[in-house]
Amino acid sequence: MLTFDRLFAEHVATGLARQMALSELVGERDWQLDLPSGTVTFGNDLRYHIQLLGTESHDDGSWLWAWANEASDLPPAVLRLCGWLREYGHRQGIAELTEPTFALRRADGHRLALLASGLTGRCYFRGPYSGGAVFFHLDDAPPQITAAVRPERALTVLGQVIQGFQVEHRIAVESFLHQQSWRLDQAPTSVTAHHSDGSTLRVDFDAQGRVSNMSGTVKAVA
């Protein structure tokens, strides 16, 4: 049976790779959300269309999906993505994607947004405000944000996932490498991945399926 934790493990690394790329693009720019036009601006030079995901309340420690936020009278045009996720959750039986609100300790905004990023091919932004934060996805981010990562970054992404999230390591590793178009040779206690440019990556797992070692040979960029 597909669960939220399994689905998250499958998509967290690819989602995180996109966040790393977005962070490098946006830098320290201020942000401004314009809901009537469905856009966000970063600084004076970056402007993108957005899709709302939901909000975190730090007062009661809860998540509220944007589609369930009836009090805010949100424009329907910015709710398409979260509506799609709701339908996906109904088809797959993922309660976290279909229940209007729940405690952040169950699934916070970052976990939900990383999963949504992996499922929809977008990146997301967390916009803090007094008492909480709004999460939204960029509809038209530059191609370099969602492009496959260079082989030398793959180890960095996987390392941050393993250190930062409680996930089944093997699922996260193999899903990420497959999504990034590496060819996988799987063994009981390891996976060796081959990139089209000739780079290789080996990940070893212990008896509990946790990563015990990662190593690789990256082909130099010409």
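The values are calculated or read from the model by the stated rules, or taken from the named source; none is laboratory data. Since the structure is predicted, the reported quantities are computational estimates derived from the model, not experimental observations. Cβ: placed from backbone, ideal geometry, glycine included. Neighbour counts: every protein chain shown. Heavy atoms of the whole protein, side chains included, go into the accessibility calculation; ligands, DNA and RNA do not. Shrake-Rupley method; radii C 1.70, N 1.55, O 1.52, S 1.80 Å.
Numbers below:
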quantity: Relative contact order (percent, whole number), the chain, Cα cutoff 8 Å, 6+ residue spacing; calculated: 22 percent
quantity: Size of charge dipole - region 84-141 - debye, nearest 20, with Cβ of Lys, Arg +1 and Asp, Glu -1, no other charges; calculated: 180 debye
quantity: Cα-derived Rg to Rh of region 54-110, Kirkwood definition; calculated: 0.96
quantity: Inter-label distance, nm, simple model (7 Å from Cα along the C-beta direction), GLN144/LEU46; calculated: 1.1 nm
quantity: Cα shape, region 149-202, gyration tensor, a/c 1.5 rule; calculated: oblate
quantity: The chain, helix-only ellipticity at 222 nm - DSSP H runs n ≥ 4, -39,500 (n - 2.57), divided by all residues, nearest 500; calculated: -11000 deg cm²/dmol
quantity: Carbon and sulfur %, accessible surface of region 24-149 computed with the full protein complex present, 1.4 Å; calculated: 48 percent
quantity: Net dipole in debye of the chain [+1 Lys, Arg Cβ; -1 Asp, Glu Cβ; about Cα centre; nearest 20]; calculated: 580 debye
quantity: Vicinal HN-Hα couplings computed from phi for region 92-104 (Karplus, 6.51 cos²θ - 1.76 cosθ + 1.60; Hz; Gly/Pro x); calculated: 9, x, 9, 4, 4, 8, 10, 7, x, 8, 6, 6, 4
quantity: Region 1-66: radius of gyration over Cα atoms, expressed as a fraction of 2.2 N^0.38 Å; calculated: 1.40
quantity: Whole-number percent relative contact order across region 1-133, with pairs defined as alpha carbons under 8 Å at least 6 apart; calculated: 31 percent
quantity: Region 113-183: radius of gyration over Cα atoms, expressed as a fraction of 2.2 N^0.38 Å; calculated: 1.25
quantity: Candidates per trypsin sites (Lys or Arg not before Pro) in region 58-145, loop by DSSP, up to 15 other Cβ within 10 Å; calculated: ARG105, ARG106
quantity: Region 1-123, Cα convex hull volume normalised per residue, Å³; calculated: 113 Å³
quantity: Per residue, in Å², the accessible surface of the chain once ligands and nucleic acids are set aside, probe 1.4 Å; calculated: 50 Å²
quantity: Net length gained if the chain between MET1 and THR156 were fully extended (0.36 nm per residue, minus Cα distance); calculated: 52.7 nm
quantity: Cα centroid of region 154-222 to Cα centroid of region 21-50, whole Å; calculated: 32 Å
quantity: Overall dimensions of the chain by Cα: Rg and Dmax, Å; calculated: 18.3, 55
quantity: Among LEU177, LEU74, LEU52, residue whose mean-square fluctuation peaks in a GNM of the chain (springs only between Cα atoms under 10 Å); calculated: LEU74
